[in-house]
Amino acid sequence: MNKALKNRLLIYLCLFIGLIIDSYNFSNIFQFIKPSFVLLILIYWNMALPDKVGITTALLFGVLIDLLDSSLLGLHGLLFVLITYLCQRFFYQFRITPIWQQSFLIFILAIIVKQILAFDFLDSEVNRTNLSDNYYFINTFYYAILSSISWAPVYYLCRLYRRRWVKT
Amino acid sequence: MLRKEHKVSHISSEAIFATPTMKPAKVLLSLVFCFLLILTDINYKSSEILRAYGKDILTPVIYIAKSPVFIFNKVIDFFNSRQDLRFTINALEQENLKLKSKNSLMNEISFKNRRLNSLEESIEGNQNNYYLVKKKFLSTNDLKPVMTVGVNSREEVFTKNNAVLSEKGLLGRIISQGLLNAEVMLVQDSRSLVPVVSSTSRLHAILQGSGLSRLGHLNNIKKSAEFKIGEELYSSGLGGVYPSGYPVAKIKTIKDNPDSEFLDIQVSFLQSPIDQDYFLVKKNIQTNE
């Protein structure tokens, strides 16, 4: 098989594993604060091999998350495309920072993502543009904390996977 | 060598530093595409048609996600049963342990049966109009909670807008249906509007959700209305979407703000989909026949 195609398939497989983890349903409050592994893995591949991951990948997995999570069609796609662009634009800076600083950036990014998801696009509340409340913000905070904690294992596991399987 | 690759990529082991970033025009095009998707969904509800079928495609992913837990439980069961067998051969005390574990399993089954019975007891009239469905996935956004339930296409003939009931009352309605899955918009959803009637004062109102684990509110209630705290709210059936007579919520607080022309009435919902797995779908006779 063509090496470029094989690498692309391996990256897609990695993202697909993230999708499988994200589709697990928890029967408690953890369901609303669990980190998005597809997003973390997408950020990793954008940082590690930006020439192998592009807009199409971000868009495809964004729409799949939209379908899975029943959110507005295209919303996750939009977020993933923007994040992909930012990651690729600044990956020189991002990949040389220590892992704890990367985790902090993930924390900030996760808060922004979760707050964008609370926008009232369908105008269900007359006087508000964002449905977020105190409770939602606490959940956002936990989500961001969990995402930043998950970043280090995701980073090292994906790196192991890349060094073992993805030959550039 | 590809045209866009730099010579450095062949010199340095870190080929990555020679990679150009993606073109802004391509990003803009993708963003425009995403905005188009969003606008189509907002204005024409395109996702209501597509989403359940999309979930049908994603069903294997959900099953794969569940499989490690399933396998883990099976392995644990296997080793437990082996251990139990060894214990039963060795001593009677271990037999007792095994019986206890069986007993706890029976308790679990009887608990599930009790819940299913109470679900069945909540059925009124013709039982053929109700279908039992199992929860598959609950969306991670608690402000707009959407639950995915499994559909057996051979038996179940419910359609969009059919009410979904839990053992404690009305839970939501079907907004999208595919071959294997259906999506349920919960009454706690901020987009959900349920016509209700109060249990004692018999006043009508529109109940709107604010998200899971949050208080809902009654819309545009005049200050002269005499709702009482603790009063239960039942679906009134007005509008023909939700069936009448099912408990939905209970009035928690009533505030009379001087700067508002309406009462601020907050209600707590009686049911939650978080810790429940089975629900009933009531076939809407008006829409299905």
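The values are calculated or read from the model by the stated rules, or taken from the named source; none is laboratory data. Small disclaimer: the values here were computed from a predicted structure and weren't measured. In this analysis, Cβ positions are derived from the backbone assuming ideal geometry, glycine residues included, and neighbour counts consider all displayed protein chains.
Key figures
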{"item": "Complete set of residues in the stretch B:22-36 that are at the interface with chain A (Cβ under 7 Å from one of its Cβ atoms), modelled with pLDDT under 90 and part of a helix (DSSP H, G or I)", "result": "B:LYS26, B:VAL27"}
{"item": "Filtered residue count, the stretch B:143-160, keeping only those that are modelled with pLDDT of 85 or more and either of a type in the set (A, V, I, L, M, F, W, C) or in contact with a helix residue (DSSP H, G or I) (Cβ under 8 Å, 6 or more places away or on another chain) (or both)", "result": "5"}
{"item": "Search result, residues across the stretch A:122-167 that are in contact (Cβ under 8 Å) with a residue 24 or more places away in the chain, in a loop (DSSP other than H, G, I, E, B) and surrounded by 16 or more Cβ atoms within 10 Å (Cβ to Cβ)", "result": "A:VAL166"}
{"item": "Test: residue in the stretch B:143-153 that is polar (S, T, N, Q), buried (at least 23 other Cβ atoms within 10 Å of the Cβ) and either part of a strand (DSSP E or B) or without any contact (Cβ under 8 Å) to a residue 24 or more places away in the chain (or both)", "result": "yes"}
{"item": "Residue check for A:LEU105: part of a helix (DSSP H, G or I), surrounded by fewer than 20 Cβ atoms within 10 Å (Cβ to Cβ) and of a type in the set (A, V, I, L, M)", "result": "yes"}
{"item": "In the stretch A:21-58, residue modelled with the highest pLDDT [restricted to those that are part of a loop (DSSP other than H, G, I, E, B) and β-branched (Val, Ile, Thr)]", "result": "A:ILE33"}
{"item": "Condition check for A:ARG95: part of a helix (DSSP H, G or I) and not hydroxyl-bearing (Ser, Thr, Tyr)", "result": "yes"}
{"item": "Within the stretch B:191-214, tally of residues that are assigned to a strand (DSSP E or B) and in contact with a His (Cβ under 9 Å, 6 or more places away or on another chain)", "result": "6"}
{"item": "Residue count, the stretch A:59-83 (criterion: part of a helix (DSSP H, G or I) and facing chain B (nearest Cβ under 8 Å))", "result": "13"}
{"item": "Subset of the stretch B:256-276 (residues that are modelled with pLDDT of 85 or more, within 28 Å of B:THR140 (Cα to Cα) and surrounded by fewer than 15 Cβ atoms within 10 Å (Cβ to Cβ))", "result": "B:SER268"}
{"item": "Any hit, the stretch A:38-59, residues being under 20 Å from B:ILE42 (Cα atoms) and crowded, with 23+ Cβ neighbours inside 10 Å", "result": "no"}
{"item": "Odd one out for A:LEU42, checked against (1) within 16 Å of the chain's Cα centre (by Cα); (2) at the interface with another protein chain (Cβ under 8 Å from one of its Cβ atoms)", "result": "(2)"}
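Here's the yes/no breakdown for (1) of a type in the set (Asp, Glu); (2) within 27 Å of B:ILE174 (Cα to Cα); (3) out of contact with any Asp or Glu (no Cβ under 6 Å at 6 or more places or on another chain):
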residue: B:GLU226; (1), (2), (3): yes, no, yes
residue: B:GLY230; (1), (2), (3): no, no, yes
residue: B:GLY239; (1), (2), (3): no, yes, yes
residue: B:ASN257; (1), (2), (3): no, no, no
residue: B:PRO273; (1), (2), (3): no, yes, yes
residue: B:TYR278; (1), (2), (3): no, yes, yes
